[in-house]
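Okay, so here's the structure we're looking at.
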Amino acid sequence: MKTLLTFALALCLTFSAHALDAPAGIRKAGEPVTFSIRATKAQEVKLRAQWSKDAVPLVRSDDGTWGVTLDAVPAGVWEYSFDVDGVNVMDSKNPSFKPQREPSKNILHVAATPPAPWDWQDVPHGTVHQHDYASKTLGRARELIVYTPPGYENSGAKKFPLLVLQHGSGDNQRAWVEHGKAHWILDNLIADGKARPMVVVMLDGHPLGATKSAEPLKRAEAMDAFRRDLLDDALPLVESLYRVEKDAAHRAITGLSMGGWQSLTVGLGNMDRFAWVGSFSGVPPQEDVTEKFLAAPAAANAKLRLLWIAVGKDDFLRKRNEDFVALLKEKGIVHQWQLTEGAHAWPVWRGYLAEFAPLIFTEGK
C-alpha cells in the first residue's frame, strides 16, 4: 500500500557536502547563452523568456536551424520556451523543465554572485524523497515529496518540526523542489543558522484532478478532498516514516497561489494542528473558515504563533489580499503582512520562502 523511493532528479537533489562544483545545467552569471531549435518550415521563431518583457527573435540558418546567442542572462531561475509561428514549443535540448499539469516551459538556472538563497552552495545538503501512497480518502494512488534536512539520517532519535509546502494551480507536487529550489533554500538557511532544521512535505494539490472552475461548489469539494487527504492520509504516512513532532507548535503550512488558499483554509481551520500559517500570493481562505476565524480573534491570537501573508505589488491578487489583511487588522488578529515588488511569479515566491522559513519554529514564540 505504501512505497518509498529516494531519488535524484535531473539536477541532482542530494549532494555530498564536500562537492565543490555546482550541478550540471547551472550557468554562471555573465556567460553567453545560446538558444537554438530546428524548425525547417517555420516562418518566424522567437524566444519567450521570463527575464525579458520582449520576445527575442531567432535567426534562421541554411539547414533550417534557428538560433540566437545572448551575451548574458540575469541571475535567477527562469522559465522560457520558443514561439514557433505563434505556437509554444519547449526546448528539446534542455532536459530541465517546469513541473506542471501541462508542461510548457523549460528552466534556465543562472547562479548569482554571491549566491542567492536558491542557488546551489557548498554546504551540507538534505535529502529529497518520493512517496507513492494509497489514499483511503480518495480511493486511489497519490504521490508526495518529502525533504529531510542535512544530518537527519545520523541524528538518532531526534524529532523535527514539519512544514507543509504547497504549489500553485498550474504545477504539481514536484514544483517546489525542481523549480522552486526549496531544498537548496532550506539547506542554505540551515547552514547559515537562519532556519531551524525541519522536515518538509509537498502534496499534489489537485486531489480531484486539475480544474479551472470558479464554481464555489466545485472549489469547496476540491478543498475538502485536499484537507481530508492531507490530514487523514498524508500526515499519518509522514509521521509513520519520519521522526517528526506531532503538536501544533511544531507544525506549519504555507504555499503559493492556490497553495496559499489551501494553506490559509486548512491552517486557520485547524489551529489545533498548525500554529504557523503562511500564504504567498494566495487567495483568502474559504468563506466558512474566514467567518469562524474572524469571529474569535482572541482564540486565534492565543493559538497562532505566526500568520504571514505576502503578495507582489503587480500581482492580480493584490486587492483580495489587501482586503483580507484589512479584516485581520479590524478584528485585532496578529499577523505579518508583506507587500513586495513583483507579480504572480516564481522569482517572487522563492524569495518569500527564504523569508518565511527563518520565522517558523522559533524559540520563545
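Nothing in this text is a laboratory measurement; each read-out follows from the coordinates by a stated rule. On a predicted model such as this, the values are computed, not experimentally measured, just so you know. All Cβ positions, glycine included, derive from the backbone under ideal geometry; neighbour counts span all protein chains shown.
Odds and ends about this structure:
- Mean separation of Cα contacts under 8 Å (6+ apart) over length of the chain, as relative contact order %: 13 percent
- Simple label model, 7 Å out from Cα along Cβ direction - residue 68 to residue 220, nm: 4.9 nm
- Region 38-179: Lys pairs at Cα distance under 22 angstrom, eight or more positions apart or on different chains: 7
- Tensor-based shape of region 26-111 (alpha-carbon gyration tensor, a/c under 1.5 rounded, otherwise prolate or oblate): oblate
- If the segment from residue 34 to residue 245 were pulled out straight at 0.36 nm per residue, it would be longer than the present Cα-Cα gap by 71.2 nm.
- Other residues with beta-carbon under 14 Å from the beta-carbon of residue 35 carry, at +1 per Lys or Arg and -1 per Asp or Glu, a net charge of +2.
- With a simple spin-label model that places each label point 7 Å from the Cα along the Cα-to-Cβ direction, the separation between residue 90 and residue 337 comes to 4.0 nm.
- Net charge of neighbours whose Cβ lies under 15 Å from the Cβ of residue 98, counting Lys and Arg as +1 and Asp and Glu as -1: +1
- Of all the options 254, 40, 137, the one that moves most in a Gaussian network model of the chain with Cα springs shorter than 10 angstrom is 40.
- Three-way shape call for region 127-359 based on the alpha-carbon gyration tensor, with the a/c threshold at 1.5: rounded
- Separation in nanometres of the label points that stand 7 Å from Cα toward Cβ, at residue 194 and residue 153: 2.7 nm
- Near-label residues of region 212-249 by backbone N, under 19 Å of a point 7 Å along Cα→Cβ of residue 169: 212-227
- Each Lys or Arg adds one and each Asp or Glu subtracts one; over the other residues with Cβ under 13 Å from the Cβ of residue 204, this totals -1.
- Estimated FRET transfer efficiency when R0 is 22 angstrom, pair residue 54-residue 323 (beta carbons, to 0.05): 0.05
- GNM result for the chain, Cα springs below 10 Å: residue of 274, 324, 160 fluctuating most strongly: 324
- Cα-based shape type of region 52-163, given that a ≥ b ≥ c are square roots of the gyration tensor eigenvalues and the cut on a/c is 1.5: oblate
- Selected from 132, 62, 233 as most flexible by GNM, with the chain as the system and alpha-carbon contacts under 10 Å: 62
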